[in-house]
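The structure appears right after this line, and notes come after that.
The values are calculated or read from the model by the stated rules, or taken from the named source; none is laboratory data. What you see is a predicted model, and the numbers here were worked out from it, not measured in a lab. We place every Cβ from the backbone using ideal geometry, glycine too, and count neighbours over all the protein chains shown. The protein model used for the area step is the full one, side chains on, heavy atoms only, and it has no ligands, DNA or RNA in it. Shrake-Rupley method; radii C 1.70, N 1.55, O 1.52, S 1.80 Å.
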Amino acid sequence: MAGAALSITAEVMDQQVRRGFEQLRHLMGDTRPVMAAIGVEVVGSTHMRFVTQTDPDGQAWAPLNPAYAATKRNSRILTESGRLRDSINSQASSDEVRVGTNTIYAAAHQFGAEIKPKTASHLYFRIGGQLVVTDSVTLPDRPFLGISDDDETSIAEIVFDFVDRYSTRR
């Protein structure tokens, strides 16, 4: 994820999971395999958000403008080509895992954005064969990155599974 345009930071707050992770540091030394497993899990759940079209809290993404929706090849939000979804990846180190994307427009979709012309007086574009002339366009936020309650449960299961596996080796 070198040069990542967008990554989300979240800290595991569950004390048992934190203690389990500390135990793993002593058992394993290098905890990158745990972090890599967590990264795979969170990337997978992030991909599912593009299917369910919901944010990490389970809230539906804002619907598309109906005129724009009518011109799309498919009906899914944030999935015209699949490039954004397919760019989600993880990068693990011994004490963290980053999940994000290097897609330049990801932040505009994650946080919302107002698009204004840089040099012209107005924006000009076509939707459904109609010319649209406007001062700005507002993209609603449609969060796809983040840690859901299910992700927290999965992270705990991964940590405790590694604790069980490495505890039996001693």
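I need the full set of residues from region 74-88 which are open to solvent by 90 Å² or more (accessible area, probe 1.4 Å) and part of a helix (DSSP H, G or I), in order please.
Across region 74-88, the qualifying residues are Arg83, Asp86.
Please work out if Ser154 is open to solvent by 40 Å² or more (accessible area, probe 1.4 Å) and out of contact with any Leu (no Cβ under 7 Å at 6 or more places or on another chain).
Numbers: open to solvent by 40 Å² or more (accessible area, probe 1.4 Å): no; out of contact with any Leu (no Cβ under 7 Å at 6 or more places or on another chain): yes.
Here the answer is no, as Ser154 does not meet what is asked.
Going by the conditions given, is Ala70 among the small types (Gly, Ala, Ser), modelled with pLDDT under 95 and touching a Lys or Arg at 6+ places or on another chain (Cβ under 8 Å)? Steps first, answer last, please.
Values: among the small types (Gly, Ala, Ser): yes; modelled with pLDDT under 95: yes; touching a Lys or Arg at 6+ places or on another chain (Cβ under 8 Å): no.
No, not satisfied.
Among the residues of region 90-104, are any part of a loop (DSSP other than H, G, I, E, B) and over 21 Å from Ile38 (Cα atoms)?
Yes, because at least one residue in region 90-104 is part of a loop (DSSP other than H, G, I, E, B) and over 21 Å from Ile38 (Cα atoms).
When you scan region 95-117, how many residues do you find that are under 14 Å from the mean Cα position of the chain (by Cα) and within 30 Å of Met28 (Cα to Cα)?
Adding up the residues that qualify gives 5.
Select from region 89-117 the residues that are more than 15 Å from Pro140 (Cα to Cα) and hydrophobic (A, V, I, L, M, F, W, C) and write down the one among them that is most open to solvent (accessible area, probe 1.4 Å).
Across region 89-117, the extreme among qualifying residues is Ile104.
Where in region 4-72 are there helices (runs of 4 or more DSSP H), lying fully within it, with 3 or more residues that are open to solvent by less than 70 Å² (accessible area, probe 1.4 Å)?
Numbers: elements: 15-28, 32-52, 66-69.
Filter on region 4-72 gives 15-28, 32-52.
Does Ser167 satisfy the criteria of being surrounded by fewer than 16 Cβ atoms within 10 Å (Cβ to Cβ), under 26 Å from Met35 (Cβ atoms), more than 23 Å from the chain's Cα centre (by Cα) and of a type outside the set (D, E, K, R)?
Yes: the conditions hold for Ser167.
Within region 5-36, which residues are among the small types (Gly, Ala, Ser), closer than 13 Å to Val97 by Cβ and modelled with pLDDT under 90? Write out each step before concluding.
Just the residues of region 5-36 that are among the small types (Gly, Ala, Ser), to begin with: 5, 7, 10, 20, 29, 36.
Keeping just the survivors that are closer than 13 Å to Val97 by Cβ gives 7, 10, 36.
Answer for region 5-36, where residues must be among the small types (Gly, Ala, Ser), closer than 13 Å to Val97 by Cβ and modelled with pLDDT under 90: Ser7, Ala10.
From (1) aromatic (Phe, Trp, Tyr); (2) open to solvent by 40 Å² or more (accessible area, probe 1.4 Å); (3) part of a helix (DSSP H, G or I), pick out the condition that doesn't hold for Phe125.
Unmet condition: (3).
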